[in-house]
Amino acid sequence: MKVKYGIITVLCLCACVLFGWLAMQKFQFGFVLASVLFLLTAVFWFIRLLKRNDESKPRNKAVLATIFLALSCIAALLSQFVNAVVVYRPMFVYDEYYKDRFCTYGVFPKELPNDADDVQFRVLGEGMVGSPCYMLSFHTADTAELVQQAEAAGAVPTTAALTDKIPADITPDWMAGDAILQCTVYRMETNDARLYVNENQSYVCCVYCS
């Protein structure tokens, strides 16, 4: 029986490391959740391994360990779905996304301006069948460089309309409601990448939907 507990503990630790490594690449919440649950499961099963010969101990830890094992397996199976519906991504993974996705899209900056604040980075539908969307938004005193970059890449400026709205789940706070009408949109001709610029408030929003 100890061998079984030991094998389960080792397998859970391996799964924890695997999902933890995947999570740190782009901090996708589904992988983070699976990693944490597998770690807790490994701890519970390791406790059962140590206590196995002490029959005076209650069996509730074994039940709890089994429940955590089931939850961990479910979390692993559903991790891509969770990644798809939790849109938040921390800014420290932006470089990884830029290298993998944004280098040819024209409107996403390689690096954020030094004065950028109120930064929001969101990804919708990643890992699922369909078309994922990527959004980067921030406030900066100088929007001219981003505009020049977009125009040099072939973006054409037009006045934004309500039909230019992006999915609500990734819409930045400052573009809620009809605020998009105050923006100029720079639309790429070769792909569905757009740069929204609100010059009055010095906000920019970069969007790509595949």
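General remarks:
- Rounded to the nearest 0.05, the FRET efficiency derived from the C-beta distance between ASN191 and GLN148 at R0 = 22 Å is 0.70.
- Shown in residue order for the range 114-119 are the 3J(HN,Hα) couplings computed by the Karplus curve 6.51 cos²θ - 1.76 cosθ + 1.60 at θ = phi - 60°: 4, 9, 5, 9, 6, 7 Hz (x for Gly and Pro).
- Each residue of the range 39-44 was assigned a 3J(HN,Hα) from its phi angle through the Karplus expression (A = 6.51, B = -1.76, C = 1.60, θ = phi - 60°), giving 5, 4, 4, 4, 4, 4 Hz with x at Gly and Pro.
- Rounded FRET efficiency, nearest 0.05, which uses the C-beta distance separating VAL3 from ASP169 and R0 of 35 Å: 0.15
- Taking only protein heavy atoms and a 1.4 Å probe, the accessible area of the chain is 61% carbon and sulfur.
- Full extension of the chain between LEU71 and VAL10 gives 20.3 nm of extra length, using 0.36 nm per residue less the Cα-Cα distance.
- Relative contact order %, the chain, counting alpha carbon pairs below 8 Å whose residues are six or more apart: 17 percent
- Ligands, DNA and RNA are left out, and with a 1.4 angstrom probe the accessible area of the chain is 53 Å² per residue.
- Given charges at beta-carbon only (K, R positive; D, E negative), |dipole| of the chain in Debye: 1880 debye
- In this simple spin-label model, placing a label point 7 Å from the Cα along the Cα-to-Cβ direction at both GLU111 and LYS99 gives a separation of 1.5 nm.
- Over the range 106-210, relative contact order from alpha-carbon pairs under 8 Å, at least 6 apart, %: 33 percent
- D by Stokes-Einstein for the chain, Kirkwood Rh over Cα pairs, 4 °C, 1.567 mPa s: 66 µm²/s.
- Derived scalar couplings between HN and Hα for the range 66-74 equal 5, 4, 5, 4, 5, 5, 5, 5, 5 Hz in order, rounded to whole Hz, by the Karplus curve 6.51 cos²θ - 1.76 cosθ + 1.60 (θ = phi - 60°), x for Gly and Pro.
- Pairwise centroid distance, computed over Cα atoms, of the range 68-89 with the range 105-119, Å: 30 Å
- Residues of the chain were split at every exposed loop site, defined as trypsin sites (Lys or Arg not before Pro) in a DSSP loop with at most 16 other C-beta atoms within 10 angstrom, and the longest piece left, sites excluded, is 111-164.
- Between PHE29 and GLU199, the simple spin-label model (points 7 angstrom out along Cα→Cβ) gives 3.7 nm.
The values are calculated or read from the model by the stated rules, or taken from the named source; none is laboratory data. Nothing here was measured: the structure is a model prediction, and the numbers come from that model. Neighbour counts run over all protein chains shown; Cβ positions are idealised from the backbone, glycine included. Areas reflect the complete protein model, heavy atoms only, side chains present, ligands, DNA and RNA absent. Shrake-Rupley method; radii C 1.70, N 1.55, O 1.52, S 1.80 Å.
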